Amino acid sequence: MPIEKIVENVYSISDGSTRGNVAAYVLPNQIIFIDSGMNIPLVKEFREKLEKETGKKTTYLLITHTHGDHIFGNQVFKDCKIISSKHTEERMKESLKTNWAPDKIAEMIKNAEDPSTLEGLEIVLPTETFDDQMEITDGDVKVIFKRTGGHTEGSSYVYCPNYKSLTAGDNLFIDSFPWGGDPTANPETWLAALEEYISLDIDYYLPGHGSVSSKNKIQEFYVYLKKVVDLFRELIAEGKSEEEIILEADKIFYYPPRRPQWKELSLKKWYEIIASK
């Protein structure tokens, strides 16, 4: 099973087998999972294996953002407190009426590369929400859950100072171009979130996609995104057209996207935000 022990009490599946990465923090008296991925049997096995090995029960599932590849395993944690930012909960409720309507879910499962990973899928909403920040304390271990925005307006990170670990959801794509085309994506709040990550005493960054990384990878992404935002501001001030600006931004080197259209759509969304200022 592709469970990776990052450091004592921090585990993840980050090889792509759950689509969006899934992480777990083992606290003195309980286990906290972060995001639930998109492979129901594998996430169920992850939980069972960790509980058996540690002798502790899972009590919380923390959701970093609204996208299906991070919440389609929520049903594995129906007996737990499932917590997200208020904005993430609102987006999930909206999706139940649109792209998560029963007919669309059925079609998605039918067309999945491996339909067995989503067999019996049930969309499970958060049981609790927070506005900007909440904390969970267990003995002398603290876990901070904070909304920053960026990839989505509700995007939040989970930080455990004791374990020097931060789980960022899709505010971090390691070694690939990020998806930044969500309707609520904002490159300016994304940059601020990255600055906050870098400022913390962290040894292990757990991304939404890609391998567990150190601070240099976060700084690498920060430098790229800042170059794009600065270029947009400069060329908008010069009166360049959207097409000209997107073409120039496309020349700034970074990792290729997982899907060809991601880069173009992300750059267009980021341009839209900067041009609206």
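Every number in this text was worked out from the coordinates using simple rules, so none of it is lab data. Worth saying up front: this structure is predicted, and the values here are computed from it rather than measured. Don't worry about glycine lacking a Cβ; one is built from the backbone with ideal geometry, like all the others, and counts go over all protein chains shown.
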Fill in: For q = 0.18, 0.21, 0.24 Å⁻¹, Debye-computed log10 I/I(0) when each Cα of region 124-218 counts as one equal scatterer
-0.83, -1.10, -1.34
Worksheet item: Could you state the principal axis extents of the C-alpha atoms in the chain, from the largest down, to the nearest angstrom?
Response: 62, 46, 32
Worksheet entry | Long-range amide H partners of G169 with built H, under 5 Å | G208
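Would you mind putting 51-62, 131-142, 12-23, 163-174 in packing order, based on average other-beta-carbon counts within 10 Å, highest first?
In descending order of packing, they fall as 163-174, 12-23, 51-62, 131-142.
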Fill in: Amide proton proximity set for I31, modelled H, under 5 Å, gap of 5+
K57, T58, T59, Y60
Worksheet entry | Peptides ranked, highest mean first, by Cβ atoms within 10 Å: ranges 223-234, 240-251, 151-162 | 151-162, 223-234, 240-251
Worksheet item: Could you give the dipole magnitude of the chain about its Cα centre, charging the beta-carbon of Lys and Arg +1 and that of Asp and Glu -1, in debye to the nearest 20?
Response: 300 debye
Worksheet item: Which of L125, I13, N39 sits farthest toward the positive end of the charge dipole of region 1-132, with +1 on the Cβ of Lys and Arg and -1 on the Cβ of Asp and Glu?
Response: L125
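So for region 47-189, what are the equivalent ellipsoid semi-axes in whole Å, largest first, each being the square root of 5 times an eigenvalue of the Cα gyration tensor?
After scaling each eigenvalue by five and taking roots: 25, 21, 15 Å.
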Worksheet item: How far is the Cα center of region 173-242 from the Cα center of region 255-277, in Å?
Response: 12 Å
